[in-house]
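K.L.:
Following this message is one structure expressed as structure tokens.
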Amino acid sequence: MSVARHELLRRGAVTALEICVIAALYYASGRLGLLQQLVRGQVTPLWPPTGIALAGLLLLGPRVWPGIALGALLINISLGPSVPAVLTIVAGNTVAPLCAYALLGRAGFRNEMDRLRDALALVFLGAFAGMLISATVGSCTLLLAGALSAGAFWPTWSVWWTGDAMGVLLVTPVLLVLRSAHRPRDVPSYRWWEGALLVAATVGVGFLEVSRVPLLFVALPLLIWAAFRFQRAGAAPCALAVSTFAILAAARRTGPFAGHNLLTDMITLQAFNGSVALTALLLGATISEQRQNRKEIEQACRQLADMVARIAPEEAGKTARPDSEENGDGDRPRNHRAPSAADAQGRDRWDHRPRPP
């Protein structure tokens, strides 16, 4: 009985620690997201807490949902117009990742994201469908509380929805990659140099994005390189870095975001972030799936070759043995019976039978 109680207490302590970690990460990432808000209040073009919340549910299970609610409460308590409005927004921010988690579970989502169907499920179910709840609840709450005018409802809703969706598309894959990260074995040295070159190229592209020259498009070849050579382990962090630099450029109104109004900048930014996220996820998952299929085919071919190698000597032995073997004299087969005395008498009786006249 004491052992069972000790195990129960240990599990409770682990769960409480996981909840506190999720709440701390949610709050810290939310404060970072608010630093780059383009719409005043709590609406940003990239909301990392949604990605952290969904990744926490996928890795730890639904038992950590209180950490999501606690983190959302700590962030919104100083932003909301009133306590009921804050509690409603917190409820929307908590229910949205839970619904996304449930939809992904129904779709058979795997955390490895090594299939194209996993990437499509994360895009359309986890990001686009699941985050409709938080955007709708939050925007309607601000409108009913008087903190948002009717004319600003749809712009705010669109930014809220795309910001939450981008958090899922850009942050969740990175956390899933970090969860399964390990030091590769038997990797040639040039692969390490290639990885270092990819990191340096990502930083260089980031500086180009925040410069006055509109060169956002140079990030796409970088994503293709990362996806082809490193799959999701390279494509997901690269996409997050490229999108972060684009958000910084939009906040500073530099590059392609200079000289335009807020709506145009938001459309440009979210279109770019969406393209980056979709390219990284879909291309990385497709290449991983193709490589996995090739490995399975090669393994099946090896197994078939082993079966053929085992069967061939047996068939060769059967072919080498003749159907009938000769006796020592070589005149007739061994299974040919010699005529007996009874057979000889039978032939004599047959020969001496009276013949008709």
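K.L.:
If you take the residues in region 240-257 that are open to solvent by 10 Å² or more (accessible area, probe 1.4 Å) and hydroxyl-bearing (Ser, Thr, Tyr), which one is farthest from the chain's Cα centre (by Cα)?
P.N.:
Of everything passing the filter in region 240-257, Thr254 is farthest from the chain's Cα centre (by Cα).
K.L.:
Could you give me the residue pairs with C-beta distances under 7 Å whose first residue belongs to region 190-201 and is farther than 18 Å from Ala219 by Cβ and of a type in the set (Phe, Trp, Tyr), whose second residue is open to solvent by 100 Å² or more (accessible area, probe 1.4 Å) and at pLDDT 90 or above wherever it lies, and which are 6+ apart or on separate chains?
P.N.:
Listed by first residue and then by second, the contacts come to nothing, as the list is empty.
K.L.:
To continue, here is another question. Only one of (1) aliphatic (A, V, I, L, M); (2) outside any helix (DSSP H, G or I); (3) in contact with a Cys (Cβ under 8 Å, 6 or more places away or on another chain) is not met by Leu198, so which one is it?
P.N.:
Of (1) aliphatic (A, V, I, L, M); (2) outside any helix (DSSP H, G or I); (3) in contact with a Cys (Cβ under 8 Å, 6 or more places away or on another chain), only one is false for Leu198: (2).
K.L.:
Can you say whether His260 is modelled with pLDDT of 65 or more, more than 31 Å from the chain's Cα centre (by Cα) and not in a helix (DSSP H, G or I), as far as the supplied structure shows?
P.N.:
So His260 fits the description; yes.
K.L.:
Are any of the residues in region 151-165 surrounded by 15 or more Cβ atoms within 10 Å (Cβ to Cβ) and closer than 19 Å to Ala285 by Cα?
P.N.:
Yes; the residues of region 151-165 include at least one that is surrounded by 15 or more Cβ atoms within 10 Å (Cβ to Cβ) and closer than 19 Å to Ala285 by Cα.
K.L.:
May I ask you to list the residues in region 104-126 that are free of Cβ contacts under 8 Å to residues at least 60 places away in the same chain and crowded, with 18+ Cβ neighbours inside 10 Å?
P.N.:
Answer for region 104-126, where residues must be free of Cβ contacts under 8 Å to residues at least 60 places away in the same chain and crowded, with 18+ Cβ neighbours inside 10 Å: Leu104, Phe109, Ala121, Leu125.
K.L.:
Could you tell me whether Ala100 is closer than 13 Å to Leu125 by Cβ and buried (at least 16 other Cβ atoms within 10 Å of the Cβ)?
P.N.:
Numbers: closer than 13 Å to Leu125 by Cβ: yes; buried (at least 16 other Cβ atoms within 10 Å of the Cβ): yes.
So Ala100 fits the description; yes.
K.L.:
Which residue is farthest from Pro48 (Cα to Cα), if the candidates are limited to region 25-35 and must be of a type in the set (A, V, I, L, M, F, W, C) and open to solvent by 60 Å² or more (accessible area, probe 1.4 Å)? Lay out the reasoning, then the answer.
P.N.:
We begin by selecting, within region 25-35, every residue of a type in the set (A, V, I, L, M, F, W, C); these are 25, 28, 32, 34-35.
Pick out the ones that are also open to solvent by 60 Å² or more (accessible area, probe 1.4 Å) and you get 25, 32, 35.
Details: Leu25: 10, Leu32: 8, Leu35: 12 Å.
If we take residues in region 25-35 being of a type in the set (A, V, I, L, M, F, W, C) and open to solvent by 60 Å² or more (accessible area, probe 1.4 Å), then Leu35 is farthest from Pro48 (Cα to Cα).
K.L.:
For the list (1) more than 22 Å from Ser29 (Cβ to Cβ); (2) part of a helix (DSSP H, G or I); (3) in contact with a Pro (Cβ under 8 Å, 6 or more places away or on another chain), I need the number of the one condition that Val177 fails.
P.N.:
The single condition Val177 does not satisfy is (1).
K.L.:
For region 71-87, state whether one or more residues are of a type outside the set (Phe, Trp, Tyr), surrounded by 17 or more Cβ atoms within 10 Å (Cβ to Cβ), under 28 Å from the mean Cα position of the chain (by Cα) and at pLDDT 90 or above.
P.N.:
Yes: one or more hits.
K.L.:
Free of Cβ contacts under 8 Å to residues at least 40 places away in the same chain, assigned to a helix (DSSP H, G or I) and open to solvent by 30 Å² or more (accessible area, probe 1.4 Å): does that describe Leu17? So that I can check it myself, show each step before the final result.
P.N.:
Numbers: free of Cβ contacts under 8 Å to residues at least 40 places away in the same chain: yes; assigned to a helix (DSSP H, G or I): yes; open to solvent by 30 Å² or more (accessible area, probe 1.4 Å): yes.
Yes.
K.L.:
On to the next question. Please verify whether Leu54 is touching a Pro at 6+ places or on another chain (Cβ under 8 Å), within 28 Å of Asp118 (Cα to Cα) and surrounded by 18 or more Cβ atoms within 10 Å (Cβ to Cβ), treating the condition exactly as stated. Outline the logic, then answer.
P.N.:
Values: touching a Pro at 6+ places or on another chain (Cβ under 8 Å): yes; within 28 Å of Asp118 (Cα to Cα): yes; surrounded by 18 or more Cβ atoms within 10 Å (Cβ to Cβ): yes.
Answer is yes for this residue.
K.L.:
Can you pull out every residue in region 224-239 that is aliphatic (A, V, I, L, M) and either in a loop (DSSP other than H, G, I, E, B) or surrounded by fewer than 24 Cβ atoms within 10 Å (Cβ to Cβ) (or both)? Can you show your working first?
P.N.:
Going through region 224-239, the residues aliphatic (A, V, I, L, M) turn out to be 224, 226-227, 233, 235-236, 239.
Passing the criteria: Ile224, Ala233.
K.L.:
Report yes if some residue within region 94-104 is at pLDDT 90 or above and over 21 Å from the mean Cα position of the chain (by Cα); otherwise report no. Reasoning before the result, please.
P.N.:
Of region 94-104, the ones at pLDDT 90 or above are 94-104.
This time we only want the ones that are over 21 Å from the mean Cα position of the chain (by Cα), so: 94-95.
Yes; the residues of region 94-104 include at least one that is at pLDDT 90 or above and over 21 Å from the mean Cα position of the chain (by Cα).
The values are calculated or read from the model by the stated rules, or taken from the named source; none is laboratory data. All figures in this text were calculated on a predicted structure; none of them were measured in a lab. Don't worry about glycine lacking a Cβ; one is built from the backbone with ideal geometry, like all the others, and counts go over all protein chains shown. Keep in mind that these areas ignore ligands, DNA and RNA; they rest on the heavy atoms of the full protein, side chains included. Shrake-Rupley method; radii C 1.70, N 1.55, O 1.52, S 1.80 Å.
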